[in-house]
Amino acid sequence: MRELESFKYKISSPQKIVITTHHKPDADALGSSLGMANYLKKKGHKVTVITPSDYPYFLHWMKGNDEVINFEDKNQQPRAIDLIQNATMIFCMDFSCTNRLQDMKDHIEKSNAYIVNIDHHQDPKDFSDFRYWSTKAAATCELVYELIVEIGDKELIDKDIAECLYAGIMTDTGGFRHPNTTKNVHLITAELIGIGADNSRISRFIYDTNSIDRLKFIGFAITRRLVIMEDLKTAYFAINKKDLRKYNSQTGDTEGLVNYALSLDGIKIAALFTEREDGVKISFRSTEDVAVNKFAASYFEGGGHKNASGGKSRLSLQETTEKFEKLIKENYNILFNQAELIHEKN
């Protein structure tokens, strides 16, 4: 409570604020960042959003997108560093560990600014002066809404802010399909729609905006890169760099691909392995009765939510998928028998 009062006091007077989020931001990361930025600007603060990298084109509609600085852009980097060094407050949105900032990490850690962390991921590291955090929240955007209301500024949430926050909640609940779609989620999204968020428009921008290359890539991945291990209730995609080049892949083009594997009847664990210059990026998904976060943390330097986690591998793509198949076989009883026990208990 004392920390909240200190935070409220800090934002009661004009500040030079930098807002940042994790590398390769998704809708919750960008939505919480721009939603908070638009709110703080209405309170009279000088605010800049700096992302560690680019992000999907289907998020560019959000209010304030045209002012976002991409730290990976060498032309923008000097200005970004200057803004970080001179910031009086830095908001860290949708991540619990500064490693998620990649090249921005050292600059943020060296800052003398008052650090705010708003997040819903597990096992947060102690790097902030004020943390607004809960794993019960489906999305960081949900927490941003609750924080603004708790401060007493609900009337400052306008249509633009509401749409940023709605986007993050919608996507982090899988279009309101995942088990984290709580009563509170529906109550908040109802409030956001009441404020002016156009839910149909937002869904169209995010789920129904595709390039021809992306549609062809998805078709190729499903027909040529999908591996189904039916007896292990597991399926995965393995996408190499050549595949990405062939279909002119842009940031965000692999978004949601892993869910096609999870949608298969009888499949309870799905994974997407994407070969990058710095290693293999991994996305894990599972049905509600199977936890993949501990699996990701134990074997692939990852973690995240129970049914949606990430990881990485420094092995080749083939070695990574071979390791994955071996580990699924070795951990089958732990992963699935526990799932059955949980199901029976409920």
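Data overview
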quantity: Pairs with Cβ under 8 Å, 6+ apart, first in region 96-110 and basic (K, R), second in a helix (DSSP H, G or I); calculated: K105/T98; K105/N99
quantity: Qualifying residues in region 183-235 (those that are closer than 12 Å to A167 by Cα and of a type outside the set (A, V, I, L, M, F, W, C)) - the one surrounded by the most Cβ atoms within 10 Å (Cβ to Cβ); calculated: T189
quantity: Selection from region 31-76 of residues that are over 16 Å from the mean Cα position of the chain (by Cα), of a type in the set (S, T, N, Q) and under 18 Å from F91 (Cα atoms); calculated: N38, T48, N65, N70
quantity: Verdict on S134 being open to solvent by 30 Å² or more (accessible area, probe 1.4 Å) and under 18 Å from the mean Cα position of the chain (by Cα); calculated: yes
quantity: Qualifying strands (runs of 3 or more DSSP E) (wholly inside region 1-96; at least 3 residues being open to solvent by less than 60 Å² (accessible area, probe 1.4 Å) and not β-branched (V, I, T)); calculated: 89-93
quantity: Test for T171: is it surrounded by 16 or more Cβ atoms within 10 Å (Cβ to Cβ), modelled with pLDDT of 95 or more and either more than 21 Å from K16 (Cβ to Cβ) or of a type in the set (A, V, I, L, M) (or both); calculated: yes
quantity: Lone qualifier among I108, I118, I84 - being touching a helix residue (DSSP H, G or I) at 6+ places or on another chain (Cβ under 7 Å), within 24 Å of D278 (Cα to Cα) and not basic (K, R); calculated: I108
quantity: Boolean, D119 is open to solvent by 50 Å² or more (accessible area, probe 1.4 Å) and not aliphatic (A, V, I, L, M); calculated: no
quantity: Odd one out for V149, checked against (1) under 20 Å from R285 (Cβ atoms); (2) modelled with pLDDT of 95 or more; calculated: (1)
quantity: Counted residues, region 218-239 - those being part of a strand (DSSP E or B) and aromatic (F, W, Y); calculated: 2
quantity: Helices (runs of 4 or more DSSP H) completely within region 240-346 that count 3 or more residues being buried (at least 17 other Cβ atoms within 10 Å of the Cβ); calculated: 257-262, 293-299, 317-330
quantity: Some residue of region 99-115 being in contact with a Pro (Cβ under 7 Å, 6 or more places away or on another chain) and surrounded by 19 or more Cβ atoms within 10 Å (Cβ to Cβ); calculated: yes
quantity: Pair list, Cβ < 6 Å and 6+ apart or interchain, from region 300-311 residues that are over 15 Å from P124 (Cα atoms) and among the charged types (D, E, K, R) to residues that are open to solvent by 30 Å² or more (accessible area, probe 1.4 Å) and part of a strand (DSSP E or B); calculated: E301/K312
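The values are calculated or read from the model by the stated rules, or taken from the named source; none is laboratory data. Keep in mind that what you see is a predicted model, and the values were worked out from it rather than measured. Positions of Cβ are backbone-derived with ideal geometry, glycine not excepted, and every protein chain shown enters the neighbour counts. Just so you know, the surface numbers come from the protein's heavy atoms only, side chains and all, with ligands and any DNA or RNA stripped out. Shrake-Rupley method; radii C 1.70, N 1.55, O 1.52, S 1.80 Å.
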